[in-house]
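Engineer: Before anything else, here's the structure in question.
What follows is calculated from the coordinates using simple rules that are stated; it is not laboratory data. What you see is a predicted model; the values in this text were computed from it and never measured. With ideal geometry, Cβ positions are generated from the backbone for all residues, glycine too; neighbour counts draw on all protein chains shown.
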Amino acid sequence: MIRKATLIGIACAVLVLLACTPPPAPAAPTSPPRGGTAAQQPQGWQQEWEQTLAGARQEGNLTVSTSIGSEYRVEIGKRFKEKFGLDIDWIPIPAAQVSPKLFRERQAGLYTVDFQMAALSRQLGELKPGGALDPLKSMLILPEVLDKNAWYGGDVPWCDDDKAYIVNNILAPENFVSVNTDLVKPGQIKSYNDLLDPLWKGKMVFTNPVLNGRVPAIMNSIMGPDYLRKLAEQAPLIVDDHRLGFDAVARGKYAIMLSTRMDMLGEFQRAGAPVAKVILQEGTTLTGGLNSLSLINRAPHPNAAKIFANWWLGKEFGAHLSRFLGSQSARLDVPTDHLRPEDIRDPSTKYVFSEKEDFQKMQLEVRDQVQQVFGPLMK
């Protein structure tokens, strides 16, 4: 009887102990759960980035066909090499020769170029309709690049109507009028109409307005079609070579330069030449200069090209490029404290968006008029 009572007592004690003991923690999973945190499992874009970077380092380089200046090429190549250990093989080529060369190579079965970096008109008017481009949009993977709130205008700054093929990382007010500051006094040229002053007749240089139709298209859009005829009556020197024109103005042979190559103006300024941009009060354009970037299809270095595209559009390089060019980034998170007030977008200024496909179409529409009024000056 005593033994039975003892056993009952022990059983009750065990039951009480079990009731007071918390349940054991579930066993840790043997593999990270799907949708785990970044600390447990890299996010998808990070995995893709690391895999792409590894592939890029096996490729070792990428190839860019471009018409940008040598100083600019060296700077981009140096920064990219420092960041990723990858080389850029540049193919310097005049804009007019880009498409013929590329299509000749393709007919011969040669696919040697990853990117084209140049003025927008050739890429939109020749490479895209010729089937030479792949959607660059498919290469973008970094969150800071894909974040629409990071960009002026609320989206990645696509240039083509498809918003997929051609992009630009600079969107700066385009002051395409430059002057020799020894010959032109401050405030002497403030308006498009000031260029029509008889004082400047025969003292302007104009890069070939037929081959480089951007400036006449801007003037036509802002000042109307009759303005081009009046400007032609000023007998500007027409040159095909932008550098030759800037050199003539820098040396004081001419007073005014009409050219969109503000990157080249920067080279002369850094060399100490007395040249400067001026702002015309009626308005101007927002432009990216020669920074329009497109992906050539069947690119020979796809991984290195993907790294370059994301780096090119990222904040870090955007900040450096803005300082180097003295032009405002298309990114809203890039500082502007290094820029002059006239080089910063002004909400009160009328801008023509020249880095868009519709502007390029308008540029083609005024070409006949440009040929008619400036043709006699090119003979």
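Engineer: Give the peptides 247-253, 302-308, 270-276 in descending order of average Cβ contacts within 10 Å, highest first.
Structural biologist: On the way: 247-253: 16.9, 302-308: 23.6, 270-276: 14.1.
My ranking of the peptides, most packed first, is 302-308, 247-253, 270-276.
Engineer: Moving to a separate point now. If I model a spin label as a point 7 Å beyond the Cα along the Cα-Cβ vector, how far apart are those points for Phe103 and Asp161 in nm?
Structural biologist: Each label point lies 7 Å from its Cα, and together they span 2.0 nm.
Engineer: Can you tell me the 0 to 90 degree angle between the C-alpha axis of helix 302-312 and the longest principal axis of the chain, rounded to 10?
Structural biologist: 70
Engineer: Work out, step by step, the length gained on full extension between His338 and Thr181: first 0.36 nm times the residue separation, then minus their alpha carbon distance; give nm to one decimal.
Structural biologist: Numbers: separation 157, 0.36 × 157 = 56.52 nm, distance 2.15 nm.
Result: 54.4 nm gained on full extension.
Engineer: With θ set to phi - 60° and the Karplus curve 6.51 cos²θ - 1.76 cosθ + 1.60, what are the ³J(HN,Hα) couplings of the stretch 150-164 in order, to the nearest whole Hz, using x for Gly and Pro?
Structural biologist: Coupling constants for the stretch 150-164: 7, 10, 4, x, x, 6, 3, x, 6, 9, 8, 4, 6, 6, 8 Hz.
Engineer: May I pose another question? Given the -39500 (n - 2.57) contribution per DSSP H run of 4+ residues, what per-residue ellipticity at 222 nm results for the chain, rounded to the nearest 500 deg cm²/dmol?
Structural biologist: -11000 deg cm²/dmol
Engineer: Still on this structure, I have one more. Give the relative contact order (percent, whole number) for the chain; include only Cα pairs under 8 Å separated by 6+ residues. Don't skip to the answer; put the middle values down first.
Structural biologist: Values: 591 pairs, mean separation 92.2, N = 379.
Taking the mean separation of contacting Cα pairs over the length of the chain, I get 24 percent.
Engineer: Listed highest first by mean packing, meaning other Cβ atoms within 10 Å per residue, what order do 106-119, 169-182 come in? Spell out each step's value before the answer.
Structural biologist: Numbers: 106-119: 17.8, 169-182: 21.6.
Descending packing order for the listed peptides: 169-182, 106-119.
Engineer: Percent relative contact order of the stretch 110-216, based on C-alpha pairs within less than 8 angstrom and at least six residues apart?
Structural biologist: 15
Engineer: Is the shape of the stretch 78-133 rounded, prolate or oblate, going by the alpha carbon gyration tensor and its root eigenvalues a ≥ b ≥ c, with a/c under 1.5 for rounded and a/b larger than b/c for prolate?
Structural biologist: It comes out prolate by the Cα gyration axes.
Engineer: Same structure again: What residue among Ile93, Tyr111, Ser292 has its Cα farthest toward the positive end of the dipole of the chain, where the charges are +1 on Lys, Arg and -1 on Asp, Glu, each on the Cβ?
Structural biologist: Going by the charge dipole, the pick is Tyr111.
Engineer: Okay, next question. Straight distance only, please: which aspartates and glutamates reach the Cα of Lys203 with their own Cα at less than 19 Å, same-chain residues fewer than 8 apart left out?
Structural biologist: Straight-line reach from Lys203, under 19 Å: Asp182, Asp194, Glu233, Asp240, Asp241, Asp247.
Engineer: Follow-up. Extension gain Thr349-Ala319, at 0.36 nm per residue separation less the Cα-Cα distance, in nm?
Structural biologist: Between Thr349 and Ala319, full extension yields an extra 8.4 nm.
Engineer: For the chain, take the longest principal axis of its alpha carbons; what is the angle in degrees between that and the long axis of helix 44-59, to the nearest 10 within 0 to 90?
Structural biologist: Tilt of helix 44-59: around 60 degrees.
Engineer: If you don't mind, another one. Just to confirm the number: angle between the C-alpha axis of helix 98-107 and the first principal axis of the chain, 0 to 90 degrees, nearest 10?
Structural biologist: The angle comes out near 60 degrees.
Engineer: For the stretch 304-360, what does the relative contact order come out to in percent, with C-alpha contacts under 8 Å and a separation of six or more?
Structural biologist: Contact order relative to length: 22 percent.
Engineer: Full-extension gain between Asn61 and Leu364, please, as 0.36 nm times their residue separation minus the C-alpha to C-alpha distance.
Structural biologist: Result for the pair: 105.4 nm of gain on full extension.
Engineer: Which order do peptides 278-291, 68-81 fall in by mean Cβ count within 10 Å, highest first?
Structural biologist: On the way: 278-291: 21.1, 68-81: 16.4.
Sorting 278-291, 68-81 by mean packing, highest first, produces 278-291, 68-81.
Engineer: If you don't mind, there's one more thing I want to ask. Indicate the gyration tensor shape class of the stretch 93-197 (rounded, prolate or oblate), computed on the Cα atoms with a ≥ b ≥ c the square roots of the eigenvalues: a/c under 1.5 is rounded; otherwise a/b larger than b/c is prolate and the rest oblate.
Structural biologist: Oblate is the answer for the stretch 93-197, as a/c is 1.5 or above yet b/c matches or exceeds a/b.
Engineer: Got a sec? How would Ser348, Ser67 order by Cβ neighbour count within 10 Å, fewest to most?
Structural biologist: Final ranking by Cβ density, sparse to dense: Ser348, Ser67.
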